[in-house]
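In what follows, a single structure is set out as structure tokens and then discussed.
The values are calculated or read from the model by the stated rules, or taken from the named source; none is laboratory data. Note that the coordinates shown come from a computational prediction; the quantities given were computed from them, not determined experimentally. Cβ placement follows ideal geometry from the backbone for every residue including glycine, while neighbour counts extend to all protein chains displayed. In case anyone asks, the SASA skips ligands and DNA or RNA and just uses the protein heavy atoms, side chains included. Shrake-Rupley method; radii C 1.70, N 1.55, O 1.52, S 1.80 Å.
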Amino acid sequence: MTVTDTIFALGTGAGRAAIAVIRISGPGAGGALAALVGKLPKPRQASFAILRDPQTGEMLDRGLALFFPGPASSTGEDYGELQLHGGRAVVEGALAALHRLPGLRPAEPGEFARRGFANGKLDLSQAEALADLIDAQTEAQRRQALRVAGGALRRKVEAWRAALVESLALVEAELDFSDEADVGAFSPARLSALLSPLAEDMRAALQLAPASERMRDGFLVMILGRPNVGKSTLINALTRRDLAIVSPIPGTTRDMIEAHLDIGGMPVTLIDTAGLREAADAIERIGVDRTLARVETADLALWLSDSAEAPPEHDVETIRVATKTDLTPALEGAIGVCALSGEGLQTLAAAIETRARARLGDGATSLIVRERHRHALEQAVESIDSILVGGEALEIQAEALRRASRALGRIVGAVDVEEILDAVFSRFCIGK
């Protein structure tokens, strides 16, 4: 693989569809389009085209062709696009025709986005957010992914790095150019005035990170209770699918069953678990042990019971749910539900949504959405704090600022030490 390769791929889902989009990127994109549709379309203008096999001249389809000359394209290269009917035979015929053209090859996974990153069309955080946007299943996940894909994290990192560059310029100027008349007096207080609010802003972003990371995976809800209390019936009712086997035989559910739901726009993962009791056999004991271990990682637990029995002790917030309200009286302090009739299910869903929204937010202020981002930002804050503590030589402080800048650069995939020199010479008029 080289950067001079011309790549192509189906940009829409495989299988039967109304429309299929085939993407082409690289120096041979224009030539490939011309070979298939007879002429190169006008730049950035959709043109009706008859698609033909360049070898046989056989018509493959009628559709639209577009051409975007680089660098003004999504990949920064010459970029072509075919919009065709989505039948499998049409798509396979067009892809086969492209494959036979010299200099073209099928794209590897993520290669179009990778070229856009390499050519400065998007940073690493935006590329990751595009993947999150594709995987988004709820409104909140979509909102969070769009915010980062739109450059919110990149802009924040750029602002943080600009403050670090200004701080490093002060230190480097004092180290190397203190005898120059144009260089202002250096003081630890001046450096601290720059770095203290910067560190606080970073810590504020880190405080929101756990919720943003959780948003990608979903709000985890464990369904707990004794055997035959209605756990499997409840998860089937909430998902409106027969996910779990419902049986009057105790111990039917022996492993955890996951279901992903959209509750009020919030991503929620429900987990049906083995009934909590003294296990009748070794296999059921494994299921119970897994339940007890997993509950500590949950965001919320639902304790299902048809009696006044208290839930087991653990550190996870618990909602008491009284099941089978068609057969038993309501319990005080519990949400009564009947999974068969649907009674109480909306109340229970609203209670889950309220807690999910309080824990995850709505995605509108998300910045640090991945563990990788969080670790890099923590490293940057640690380096800045080592300076604010004081007592280190200027050379050590300069290196700490470089570490912080490199850590931030890893978030967006860009580290450029030359900008530090640019700041020194432009701000202090050195080298006149």
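Key figures for this structure:
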item: Elements of type helices (runs of 4 or more DSSP H) in segment 324-432, at least 1 residues being small (Gly, Ala, Ser) and at pLDDT 80 or above; result: 345-360, 371-388, 394-412
item: Lone qualifier among 412, 337, 381 - being among the β-branched types (Val, Ile, Thr), under 30 Å from residue 151 (Cα atoms), open to solvent by less than 30 Å² (accessible area, probe 1.4 Å) and in contact with an Asp or Glu (Cβ under 8 Å, 6 or more places away or on another chain); result: 412
item: Answer from 234, 220, 206 - the residue that is under 25 Å from residue 153 (Cβ atoms) and touching a strand residue (DSSP E or B) at 6+ places or on another chain (Cβ under 7 Å); result: 220
item: Residues of segment 28-57 satisfying the condition of being among the charged types (D, E, K, R) and not in a loop (DSSP other than H, G, I, E, B); result: 52
item: Candidates 48, 8, 68, filtered to the one that is free of Cβ contacts under 8 Å to residues at least 24 places away in the same chain and among the hydrophobic types (A, V, I, L, M, F, W, C); result: 48
item: Leading residue by the ranking (surrounded by the fewest Cβ atoms within 10 Å (Cβ to Cβ)) among those in segment 340-365 that are within 19 Å of residue 263 (Cβ to Cβ) and polar (S, T, N, Q); result: 346
item: Of all residues making up segment 144-164, the number that are under 16 Å from residue 212 (Cα atoms) and among the β-branched types (Val, Ile, Thr); result: 1
item: Selection count where residues are of a type in the set (A, V, I, L, M, F, W, C) and over 15 Å from residue 235 (Cβ atoms), scope segment 310-343; result: 8
item: Residue within segment 59-71 that is touching a Phe, Trp or Tyr at 6+ places or on another chain (Cβ under 6 Å) and on the phi < 0 side of the Ramachandran plot present; result: yes
item: Any hit, segment 121-143, residues being of a type in the set (Val, Ile, Thr) and at pLDDT below 85; result: yes
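Here is a yes/no grid of residues against (1) closer than 12 Å to residue 21 by Cβ; (2) over 29 Å from the mean Cα position of the chain (by Cα); (3) in contact (Cβ under 8 Å) with a residue 60 or more places away in the chain:
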{"position": "75", "(1), (2), (3)": "no, no, no"}
{"position": "84", "(1), (2), (3)": "yes, yes, yes"}
{"position": "98", "(1), (2), (3)": "no, yes, yes"}
{"position": "103", "(1), (2), (3)": "no, yes, yes"}
{"position": "111", "(1), (2), (3)": "no, no, yes"}
